[in-house]
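Have a look at the structure below before the remarks.
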Amino acid sequence: MLAYIIRRVAQSILVLLVVGLVAFAMFRFVGDPIDNMLGQERTQADIERLREQLGLDQPFIVQYWRFLEQAIQGNFGLSYRQGRPVSDILIERLPATLELAVVSGLMALVGGIALGIFTAIRRRGVSANVIMTLSLVGVSLPTFLIGILLIYLFSVELGWLPSFGRGEVTDLGWWTTGFLTESGLKALILPAITLGLYQMTLIMRLVRTEMLEVLRMDYVRFARARGIRERAINFRHALKNTLVPVITITGLQLGSIIAFAIITETVFQWPGVGLLFINAIQFVDIPVMAAYLMLISVMFVGINLIVDMLYFAIDPRLRADRTQGGH
Amino acid sequence: MTDTPVLSVHDLVVEIPTRHGVLRPVDNVSYDIHAGEILGVVGESGAGKSMTGNAVIGLLDRPARIVSGEILLSGQPIQGLKRDVIRKLRGKKMGMIFQDPLTSLNPLLTVGDQLTETILEHLKVGQTEARKRAIAALEEVGIPAAAQRINSYPHEFSGGMRQRVVIALALCAEPDLVIADEPTTALDVSVQAQIVALLKRLCRERGVAVMLVTHDMGVIAEAADRVAVMYAGRLAELGPVREVLTQARHPYTAGLMASTPLASQGRKRLRQIPGSMPRLGALPTGCAFHPRCEFAQDKCRQEPGPTIDRCDGRAACWFPLTAKQEVSA
Ligand SMILES: Nc1ncnc2c1ncn2[C@@H]1O[C@H](COP(=O)(O)OP(=O)(O)O)[C@@H](O)[C@H]1O
Ligand code: SF4
Ligand SMILES: [Mg+2]
């Protein structure tokens with residue numbers, strides 16, 4: 001098991017190095033940052049000074065090495081556009097994205113698993129079929145359309161919830177949170193639904209399919225033949241077995257919530273890293289784009305590692321070190 | 001031992017409605033099993049053996065359903081009972097053992113979890129006592145170092161050991177009836193005999209009534225007291241195992257015997273019954289066996305299929321074989 005973990009960590013580092021290369025390549029080959037930062041009125045001296053300041057006069061390999069060195073320390077240089085350290089900007093923006101992602105991730109996970117179980121157990125019931133049909137809509141509507149529809153209904157027509165921004169936030173020094181004010185919580189609802197709905201329907205359909213599969217297994221039949229009550233069969237025998245395959249895909253889904261946040265943040269003008277990234281693209285603000293890319297990949301890789309560990313925790317067959325000899 | 005059979009099945013009919021008409025995988029089946037007795041049920045694959053067992057224990061898969069007949073457990077009819085009442089009978093009064101021990105156990109729960117769960121469901125005992133009984137149940141089926149192995153997961157046991165665990169599970173709440181549906185089919189030949197011997201021992205020691213489904217005549221000869229032969233959803237023959245094996249009265253049983261190598265029969269040339277069992281949707285009129293039967297006559301083709309009680313009480317055949325008759329060689 002330890003060997004496996006080491007291998008997985010090594011793989012993760014490799015992935016991050018490749019992403020780092022892509023991020024770095026953007027520095028070299030996309031756009032001309034000097035153009036973007038200085039505008040039309042500039043002297044040759046200005047250009048030289050800025051090139052030097054940004055390190056753009058160094059040879060490729062030196063720049064790449066410096067980039068890696070700095071990236072590990074969380075230093076991505078100055079934003080071309082704002083002239084401030086990228087890490088400062090990211091840290092400012094990250095709480096908004098994380099709070100949104102965590103809320104919609106939880107919603108997707110809890111709602112998806114609960115609805116998946118429900119629709120599997122009551123697969124012939126009317127409500128289960130209605131939910132399944134609605135979920136098709138959830139899967140096929142694009143995220144931005146869901147966002148716009150929600151805004152139209154709850155902000156424009158009913159006027160219950162705000163259509164953009166994060167509401168009032170509380171500054172805790174190292175973190176800004178919208179959880180502590182009413183307007184902050186209200187502002188969170190629509191974006192969280194928009195971001196989580198797709199994942200929730202996916203998880204729900206996945207859980208349902210798996211659960212139906214598991215309920216047909218011999219050991220469920222044997223449990224029934226022993227008179228185990230339905231509740232225990234569904235939640236003790238079936239659910240645990242359902243979760244083994246569900247965990248992998250769900251982990252990836254939750255990772256992609258942070259990536260999908262770009263669209264939601266744009267629709268709701270949510271001041272997170274996704275919106276930051278979109279704005280950075282408009283201005284070819286390479287350091288911000290590169291840092292965003294690295295940040296997202298670190299999160300993806302991290303979530304993947306955690307998912308793998310969960311696998312071990314749930315499935316005894318993978319815990320080779322617990323085996324006490326087979327016969 | 002009382003005279004009331006542990007299990008009594010009368011004229012059981014199971015039907016499956018399909019788009020092409022109603023199928024009858026179990027058609028007018030009647031038999032009794034007494035305490036301490038093993039009834040062997042044989043027949044080709046698809047004869048309705050599993051359906052019969054599933055119907056008794058109340059685990060028929062939709063759309064199959066019991067349409068008529070009676071199932072009495074120690075004299076008490078179980079049809080019409082509430083679902084939850086029948087559930088409580090399962091495990092407590094009747095247990096079931098399935099074919100494949102690899103898939104019968106939940107891979108994510110220890111065998112101890114699965115045993116105590118079953119014991120706690122049916123017996124009025126506490127956690128500690130349940131655990132003690134779980135260990136005793138494993139010991140009884142011959143699992144070495146049961147007190148340690150109780151914390152093992154199913155994948156940590158070999159196939160034969162797993163089937164022992166399955167048997168322990170089926171018996172841990174002390175049912176009066178056990179339905180074993182091909183309990184040895186999925187096992188290595190080397191452990192099959194051990195499992196059969198174990199079932200036989202438990203049946204004798206505990207006085208459990210056992211319905212032992214198999215398509216292996218050798219298992220029947222080894223373990224069963226009486227044998228029921230099924231063909232196309234019906235009982236073809238029912239009688240004490242010695243008599244049926246040595247002097248089959250139904251031509252199908254005789255054919256089965258002739259096609260099985262049995263030590264008791266000495267070296268005889270094996271003969272296969274010509275043709276194959278008809279599909280349920282395409283049963284011939286009259287006796288379902290007549291297209292393959294060398295004794296078939298007009299009556300067999302025209303009259304409704306014979307049942308055991310309308311014939312000689314042992315074989316469902318208008319012209320049962322007599323002692324002198326042999327399937328021609
Ligand atoms: N859902 C179903 N639809 C149609 N026929 C079925 C269905 N389930 C089982 N059968 C038929 O029921 C018959 C009895 O099956 P089964 O009891 O499993 O046979 P056995 O255990 O003797 O091999 C078989 O002929 C099978 O084809
Ligand atoms: S009833 Fe006729 S066809 Fe059927 S088994 Fe007897 S002799 Fe053969
Ligand atoms: Mg079968």
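The values are calculated or read from the model by the stated rules, or taken from the named source; none is laboratory data. Remember, predicted model here, so these are calculated numbers, not experimental data. With ideal geometry, Cβ positions are generated from the backbone for all residues, glycine too; neighbour counts draw on all protein chains shown. Quick note on the areas: whole protein, heavy atoms, side chains included, nothing else; ligands and nucleic acids left out. Shrake-Rupley method; radii C 1.70, N 1.55, O 1.52, S 1.80 Å.
See the values below:
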| quantity | calculated |
| --- | --- |
| Between 0 and 90°, nearest 10: helix A:86-121 axis offset from chain A longest Cα axis | 20 degrees |
| Kirkwood Rh and Cα Rg combined as Rg over Rh, evaluated for region A:217-327 | 1.23 |
| J(HN,Hα) series, region A:21-26, from Karplus relation 6.51 cos²θ - 1.76 cosθ + 1.60, nearest Hz, glycine and proline x | 5, 4, 4, 5, 4, 4 |
| Among B:4-14, A:269-279, A:175-185, the order from most to least packed when residues are scored by Cβ within 10 Å on average | A:269-279, B:4-14, A:175-185 |
| For B:154-160, mean number of other protein chain Cβ atoms within 10 Å | 3 |
| GNM top mover of B:L171, B:L60, B:L108 - chain B, alpha-carbon springs below 10 Å | B:L108 |
| Chain A: most fluctuating residue of A:L202, A:L190, A:L172 per GNM, C-alpha cutoff 10 Å | A:L172 |
| Ranked packing of A:82-88, A:255-261, most packed first, by mean Cβ within 10 Å | A:255-261, A:82-88 |
| Per residue accessible area in Å² of chain A, where ligands, DNA and RNA are left out and the probe is 1.4 Å | 51 Å² |
| Per-residue mean of C-beta atoms belonging to partner chains within 10 Å, peptide B:182-195 | 0 |
| Computed Rg/Rh of chain B, alpha carbon atoms with Kirkwood Rh | 0.99 |
| Among A:4-16, A:214-226, the order from most to least packed when residues are scored by Cβ within 10 Å on average | A:214-226, A:4-16 |
| Shielding by other protein chains, B:86-96, mean Cβ within 10 Å | 3 |
| Charge context of A:T177, other residues only, Cβ under 9 angstrom, K/R +1, D/E -1 | -2 |
| Region A:86-289 - charge dipole about Cα centre, Lys and Arg +1 at Cβ, Asp and Glu -1, debye rounded to 20 | 1620 debye |
| At R0 = 30 Å, FRET efficiency that the Cβ-Cβ distance of A:W160 and A:T209 yields, to 0.05 | 0.30 |
| Most mobile of B:P251, B:P107, B:P63 in a GNM of chain B (Cα contacts under 10 Å) | B:P63 |
| Protein accessible surface hidden between B and A, which excludes ligands and nucleic acids, total in Å², probe 1.4 Å | 3000 Å² |
| Carbon + sulfur, % of accessible area of region A:86-289 - ligands and nucleic acids excluded, 1.4 Å | 69 percent |
| Using θ = phi - 60° and Karplus 6.51 cos²θ - 1.76 cosθ + 1.60, couplings along region A:249-262 (whole Hz; Gly, Pro as x) | 5, 4, x, 4, 4, 5, x, 6, 4, 5, 5, 4, 4, 3 |
| Cut-off under 5 Å, modelled amide H: who pairs with B:V41 long-range | B:L212, B:V213, B:T214, B:A228 |
| 3J(HN,Hα) from dihedral phi, region A:305-318, Karplus parametrisation 6.51/-1.76/1.60, rounded to Hz, x for glycine, proline | 4, 4, 4, 4, 5, 4, 3, 5, 5, 8, 9, x, 5, 8 |
| Two-decimal log10 I(q)/I(0) for region A:86-289, as the Debye equation yields it once each C-alpha is a single scatterer, q = 0.18 Å⁻¹ | -1.17 |
| Square roots of 5 times each gyration tensor eigenvalue, C-alpha, the protein assembly as shown, largest first, Å | 70, 27, 24 |
| Over region A:99-184: Kirkwood hydrodynamic radius from C-alpha pairwise inverse distances, Å | 15.6 Å |
| Per-residue SASA entry for B:E174, accessible area with 1.4 Å probe, Å² rounded to 10 | 100 Å² |
| Fraction of beta bridges assigned by DSSP in the protein assembly as shown that are antiparallel (%, nearest 5) | 60 percent |
| Three-way shape call for region B:116-199 based on the alpha-carbon gyration tensor, with the a/c threshold at 1.5 | oblate |
